[in-house]
Amino acid sequence: MPSERELLRTYFGYTGFLPMQEDIINDLLNGKDVFVLMPTGSGKSLCYQLPALMLPGVTIVVSPLIALMKDQVDSLRANGIGASFINSTLSTKEIEDVKIRLLERKDRLLYIAPERFTSPDFMPFLKMLTISLFAIDEAHCISEWGHDFRPDYRRLKILKEHFPHVPVAALTASAVPEVQHDILQQLELKEPVLYKASFNRPNLSYYVRPKEDAYNQMVNYLRLRRNDSGIIYCQSRRSAETIAQTLRDDGFRALAYHAGMPADERTENQELFIRDDADIIVATIAFGMGIHKTNVRYVIHYDLPKNIESYYQETGRAGRDGLASDCILFFSYGDKKKIEHLIEKSHNQQRKRIAYKKLDAVLRFCEAFECRRKLLLGYFGEACGVSCGKCDTCLEPRETIDGTEIAQKVIACIQGVKQRFGAGYIASLLAGKENKRSAAYRHHELQSFGSGKDYSRKQWTLWIRELAARGYVAVAGDKYPILALNQKSYDIAAGRLSVLLAKPKEKPEIAHVPETEQMRVDTALFEMLRALRKRIADTEGVPPYVIFHDTTLKELSTYFPQDMESMKQIYGMGQRKLERYGKQFLEAVIAHCTAHNIKSFRKPDRERQGRVAAPASDTYAKTLELCRQGLTLEDIARTRGLAAGTIVSHIEKLLMQGEDIAIDRLVSTEKQRAIVQCMDALGSVYLTPLKERLGDGYSYEELRLVRAHARRINSLASV
Ligand code: ADP
Ligand code: ZN
């Protein structure tokens, strides 16, 4: 019997296990029940697919969605593993054929929908087989707490009744504690071994943008992503249709997907997207469950999501292949109102309360000044110490101004209206906007009325929210929040405390998303290989990623293998795929190399372990070189024709990737010492409080450099 690692190599083309996979596999091989809670893209399927190859009998996989089953069976077969599914799309004759294949031991895995157990002849059939393992995929479907409840999952406890000695693996990506509890209880697992992974998805970057001129912001972003796949989520069917149409008019290959469309059209659009025949799907939340497309490079939330759970799940569909991907959310208070309106329609008070609470968490996420990833993980009960350096709040610290006077005006106004009104109203008073309410209360006679005429009502709203978010004023009341004063407010009013606030924006920010980390991919070759993959996929009637993942094509266009032996080193190049497609892809690579006089690179060993580490791209390499030459920040920026902030982002990233860079030429050692001391004293690595404490003598660039440098030192210390 070949070892686990040999099988991993031969059948899947992977050189190592992802975290926890090996332990889970060993437990299953030893006949234990396991409960696997890992986020999307962490390689759950392999945890039962590999044991299926090693165990003597059949592995039965329960899966809730037909599309998902087909997808997995296609992928397994492409790797040379016998697998089938039984579901309602098959005729009686086809089902009989599958049963025969199983009895003849031709297939190692059988995928079934939970409804199958209602069919009276199914259990007797299972008893005729030797069953080695049950895998319950998307196990959260068993729980009413989850959003994907499937009553048929409740039947699954009969597995343990009928097959008490066959191990069961329950797998899910749902982190909600109630759901976990339901799964464990209802499946009646026997002393299951629990595997719980971090829900951090390090390859995803999170951005929240003001929803102003959102369509154009989005199009600017999409133009940079011409050949990439992405999902745009919106709340209504109508907007899904219109946005998809407008994008098509603007030359994008975009399709709509929502529950109101005829079923066949919906399936067709999904299929076109999966097969890379459409780049963009504009969808309501109806889309996505069971979509295993691995190369979704971005997920955009055009409208505000209702809760963090769905936001996390929807963004989770990006970057399953582990390559850098973006999650962008357009945020507006108008959307918040729309959701509140929907909530109000419910008559169930309990449900209403939960819905408001969940919406509140979404708002906190959007309004945050701290690392978005931290907030997201915190929501799922996961503490994460340092800021991620990959979300907008980490990457783009906002410029600040002395906001003491502004805060004093706000506080005076709150006092003037006796702490009985909300942010929107206070903002209109400050901006000097009269309305029925202010007339009724004679608030236009207040001294505060119009005291902030220089700025718009909107700007005042933003500042008030910032003051509230940072605890300089208090917010009371649940549904209609009312502004009130606290000790800090009085300190500010008395001139004892000063504050920094965000500098007002001149015009709406255009979505700018930093370059993502990439291998040094030969894009011309990559595109050629993509086209080749597409031709083969269409001939074989499977989605392109079943042939090869993007990662495989990227590696081919990075290392340019020149013979079958070096082809073997490429990610995802298992024995079967090598035999089947190796020659065609090798020939394409060789032809390209001959035409362009390119030499192959040996794939570095470090990268053979599982996922690919991203080497610095050219632009980073240039910055690095100038740093090493000892230039100052200003000189590097000038030489490169880039903003100092951009250079700092490069250096941050280089440090994060483990480059050793001395920053003494960039920030004086005294300043470095002061900044580090300040970080320690405040117990914080956020820029705003640091800047507040250190004052004008220190630039944001300096703070960012020292912070990034300190992180690198810390990470070395913890190795
Ligand atoms: P999940 O079911 O947890 O969402 P998948 O099973 O779809 O995750 O796997 C996510 C991605 O990781 C897939 O592209 C899969 O091929 C890849 N993968 C799984 N195991 C490994 C491994 N050991 N090495 C490299 N890639 C892997
Ligand atoms: Zn962050």
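The values are calculated or read from the model by the stated rules, or taken from the named source; none is laboratory data. Keep in mind that what you see is a predicted model, and the values were worked out from it rather than measured. Because the Cβ atoms are built from the backbone with ideal geometry, glycine has one as well, and the counts that use them run over all protein chains shown.
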All but one of (1) touching a residue at least 40 places away in the same chain (Cβ under 8 Å); (2) under 30 Å from Leu690 (Cβ atoms); (3) of a type in the set (Gly, Ala, Ser) hold for Gly422; which doesn't?
-> (2)
Quick one: would you say Arg673 is at pLDDT 85 or above and among the basic types (Lys, Arg)?
-> yes
Among the residues of region 351-384, count how many are within 16 Å of the chain's Cα centre (by Cα) and either near ligand 2 (Cβ under 9 Å from one of its atoms) or assigned to a helix (DSSP H, G or I) (or both).
-> 12
Residue by residue through region 7-49, note down the ones that are of a type in the set (D, E, K, R) and within 6 Å of ligand 1 (Cβ to nearest atom).
-> Lys44
Conditions (1) under 31 Å from the mean Cα position of the chain (by Cα); (2) more than 16 Å from ligand 1 (Cβ to nearest atom); (3) among the aromatic types (Phe, Trp, Tyr) -> Phe122 fails only (1)
Which residue out of Glu344, Glu340, Glu370 is acidic (Asp, Glu), surrounded by 13 or more Cβ atoms within 10 Å (Cβ to Cβ), modelled with pLDDT of 85 or more and under 25 Å from Ala423 (Cα atoms)?
-> Glu340
Check every one of the helices (runs of 4 or more DSSP H) wholly within region 385-432 and list those with 2 or more residues that are within 27 Å of the chain's Cα centre (by Cα) and modelled with pLDDT under 95.
-> 392-395
Restricting attention to region 302-314, does a residue exist that is in contact (Cβ under 8 Å) with a residue 24 or more places away in the chain, part of a loop (DSSP other than H, G, I, E, B) and among the hydroxyl-bearing types (Ser, Thr, Tyr)?
-> yes
Can you name every residue in region 474-496 that is at pLDDT 90 or above and in a loop (DSSP other than H, G, I, E, B)?
-> Leu485, Asn486, Ala494, Gly495, Arg496
Residue check: is Tyr14 assigned to a loop (DSSP other than H, G, I, E, B), buried (at least 21 other Cβ atoms within 10 Å of the Cβ) and of a type outside the set (D, E, K, R)?
-> yes
Cβ pairs under 8 Å, 6+ apart or interchain, first in region 13-26 and closer than 16 Å to Ser198 by Cα, second within 16 Å of ligand 2 (Cβ to nearest atom), ordered by first then second residue, are none
Only one of Ile100, Ile86, Ile60, Ile81 is surrounded by fewer than 16 Cβ atoms within 10 Å (Cβ to Cβ) and not assigned by TED's automatic domain parsing to the domain that holds Arg320, namely Ile100
All but one of (1) crowded, with 16+ Cβ neighbours inside 10 Å; (2) in a helix (DSSP H, G or I) hold for Ile291, so report the exception by its number.
-> (2)
When you go through (1) touching a Cys at 6+ places or on another chain (Cβ under 9 Å); (2) more than 16 Å from ligand 2 (Cβ to nearest atom) one by one for Ile411, which number turns out not to apply?
-> (1)
Would you be able to say whether some residue in region 366-389 is among the hydroxyl-bearing types (Ser, Thr, Tyr), over 30 Å from His709 (Cα atoms) and in contact with a helix residue (DSSP H, G or I) (Cβ under 8 Å, 6 or more places away or on another chain)?
-> no
With respect to Asp392, determine if the residue is touching a strand residue (DSSP E or B) at 6+ places or on another chain (Cβ under 8 Å), charged (D, E, K, R) and within 16 Å of ligand 2 (Cβ to nearest atom).
-> yes
Candidates Asp182, Asp152, filtered to the one that is part of a helix (DSSP H, G or I) and closer than 26 Å to Gln21 by Cβ | Asp182
Please enumerate the residues belonging to region 144-173 that are within 24 Å of the chain's Cα centre (by Cα) and touching a residue at least 40 places away in the same chain (Cβ under 8 Å).
-> His147, Asp148, Ala170, Leu171, Thr172, Ala173
Assess whether Val282 counts as being in contact with a helix residue (DSSP H, G or I) (Cβ under 7 Å, 6 or more places away or on another chain), crowded, with 20+ Cβ neighbours inside 10 Å and not assigned by TED's automatic domain parsing to the domain that holds Ala531.
-> yes
Out of Ala197, Ala244, Ala256, sole residue that is surrounded by 16 or more Cβ atoms within 10 Å (Cβ to Cβ), within 18 Å of Phe330 (Cα to Cα) and among the hydrophobic types (A, V, I, L, M, F, W, C) | Ala244
